Amino acid sequence: MKANLHLHSRFSDGTDWPAEVAERAYRAGLQWIALTDHDTLGGIDELKRAAQALGLKSIAAVEIDCSAPEIGYRSELLAYFPEGQYAHTQDLLASLTKCRLEYVRSAIKKAQRHFVKAHLSFDDLLNHKRQGRPELDAEAFSFNKVDLFLYFKNHNILPQDISYRSFKKAYLETGLLSGTPYQKPSCADVIRTVHADGGIVVLPHIGHEFDDSAEQMRQEQKRLKEILDYFSSLGVDGLELYWYRNGDTADINKIVTAEAKKRSLRLSYGSDCHGPGSGKETLGLFWGEMKGL
């Protein structure tokens with residue numbers, strides 16, 4: 001089956017609703033999809049219903065922010081739930097979405113004071129996020145730094161030509177507009193929790209740890225081995241073959257495939273699509289033939 005198991009919706013930092021994700025996946029010729037919003041399963045039911053109506057296979061999934069300071073890893077893990085059960089994981093995610101919500105609320109309050117713009121408000125941002133779905137509570141979404149970036153740009157508070165990366169460096173990393181800090185769960189805790197639900201954990205886009213460079217991965221084989229040995233020791237189930245924007249996709253995925261084979265890890269495919277207008281509209285650019293996870 002043509003599978004792309006790494007997609008995002010408006011429930012986190014994507015631009016489409018889950019049903020729209022399914023519709024575009026169908027038009028792109030995909031057969032198996034997964035919604036992997038950051039730290040939330042809020043869009044899973046909508047995606048499942050839409051996928052079924054279109055004759056697509058789907059699997060409940062989520063991308064969980066986590067860290068492993070002992071190896072310098074601060075990124076995400078993908079979790080898939082073939083049995084459709086995720087109660088333990090849902091409890092973990094509930095605390096993370098609350099932290100994300102508080103981060104955004106406090107950042108907007110900082111912006112009110114810094115820019116002297118009293119009209120800025122979280123409720124205004126929430127209404128934009130809902131996009132005509134007033135029945136959705138704030139807790140249904142997983143808010144993020146991209147939401148802040150777009151909200152501030154839409155209100156002409158930031159220069160229109162500023163990039164997200166520049167915004168992060170100038171306003172968030174300096175603490176000027178950063179919200180209430182919170183601690184990500186450990187990768188070990190995430191893996192234990194997902195496995196308690198009968199889920200499968202996949203290490204995504206490992207190339208990001210090497211600036212998306214196959215050459216750098218080859219040069220830093222010791223670090224690559226350290227990362228993969230670490231996650232293997234925690235019980236990670238698979239590695240992701242991924243679409244990299246700089247053109248190194250084939251070379252990086254060749255390395256990842258070989259490493260997965262060495263460790264008897266399964267492989268998944270994902271393009272990390274965030275939807276039209278996001279700068280990461282990759283839904284039909286990458287997929288792989290998969291029978292199952």
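Among the residues of segment 227-286, write down those that are aromatic (Phe, Trp, Tyr) and under 14 Å from residue 5 (Cα atoms).
Going through segment 227-286, the residues aromatic (Phe, Trp, Tyr) turn out to be 230-231, 242-244, 269, 286.
Correct list: 242, 243, 269, 286.
Within segment 146-164, is even one residue part of a helix (DSSP H, G or I), surrounded by fewer than 17 Cβ atoms within 10 Å (Cβ to Cβ), touching a residue at least 12 places away in the same chain (Cβ under 8 Å) and acidic (Asp, Glu)? Scanning segment 146-164, I find no residue that is part of a helix (DSSP H, G or I), surrounded by fewer than 17 Cβ atoms within 10 Å (Cβ to Cβ), touching a residue at least 12 places away in the same chain (Cβ under 8 Å) and acidic (Asp, Glu), so the answer is no.
Pull up segment 198-229, narrow it to residues that are surrounded by 17 or more Cβ atoms within 10 Å (Cβ to Cβ) and over 22 Å from residue 282 (Cβ atoms), then point me to the one that is nearest to the chain's Cα centre (by Cα). Walk me through it before giving the result.
Here is the first cut: in segment 198-229, the residues surrounded by 17 or more Cβ atoms within 10 Å (Cβ to Cβ) are 199-207, 209-210, 212, 214, 217, 224, 227-228.
This time we only want the ones that are over 22 Å from residue 282 (Cβ atoms), so: 199-201, 224, 227-228.
Working: 199: 17, 200: 16, 201: 14, 224: 22, 227: 20, 228: 20 Å.
Within segment 198-229, the match that is nearest to the chain's Cα centre (by Cα) is 201.
Could you go through segment 59-68 and let me know if any residue there is under 19 Å from residue 180 (Cβ atoms), touching a Ser or Thr at 6+ places or on another chain (Cβ under 9 Å) and aliphatic (A, V, I, L, M). Scanning segment 59-68 turns up no residue that is under 19 Å from residue 180 (Cβ atoms), touching a Ser or Thr at 6+ places or on another chain (Cβ under 9 Å) and aliphatic (A, V, I, L, M).
Residue 170 meets all of the listed conditions (1) in contact with a Lys or Arg (Cβ under 9 Å, 6 or more places away or on another chain); (2) assigned to a helix (DSSP H, G or I) but one, namely (1).
Of all the listed residues (152, 143), the sole one being within 15 Å of the chain's Cα centre (by Cα) and within 21 Å of residue 174 (Cα to Cα) is 143. Just one of the listed residues (83, 102, 76) is in the same structural domain as residue 128 (by TED's automatic domain parsing), acidic (Asp, Glu) and touching a residue at least 60 places away in the same chain (Cβ under 8 Å), and it is 102. The residues on offer are 270, 275, and the sole one that is crowded, with 16+ Cβ neighbours inside 10 Å and at positive phi is 275.
Go through the residues of segment 185-208 one by one and say whether even a single one is within 30 Å of residue 115 (Cβ to Cβ) and either touching a residue at least 60 places away in the same chain (Cβ under 8 Å) or in a helix (DSSP H, G or I) (or both). No: zero hits. What residue, among those in segment 165-181 that are farther than 22 Å from residue 96 by Cβ and among the polar types (S, T, N, Q), is surrounded by the most Cβ atoms within 10 Å (Cβ to Cβ)? Filtering first and then ranking leaves 166. Filtering 67, 58 for residues that are under 18 Å from residue 21 (Cα atoms), of a type in the set (Ser, Thr, Tyr) and in contact (Cβ under 8 Å) with a residue 12 or more places away in the chain leaves a single hit, 58. Scanning segment 241-262 for residues that are surrounded by fewer than 23 Cβ atoms within 10 Å (Cβ to Cβ) and not hydrophobic (A, V, I, L, M, F, W, C) gives 244, 245, 246, 247, 248, 249, 251, 254, 257, 259, 261, 262.
Residues in segment 280-293 that are in a loop (DSSP other than H, G, I, E, B), touching a residue at least 40 places away in the same chain (Cβ under 8 Å) and surrounded by 13 or more Cβ atoms within 10 Å (Cβ to Cβ): 283, 284, 285, 286, 287, 290, 293.
The values are calculated or read from the model by the stated rules, or taken from the named source; none is laboratory data. Because the structure is a prediction, the values reported are computed rather than measured. All Cβ positions, glycine included, derive from the backbone under ideal geometry; neighbour counts span all protein chains shown.
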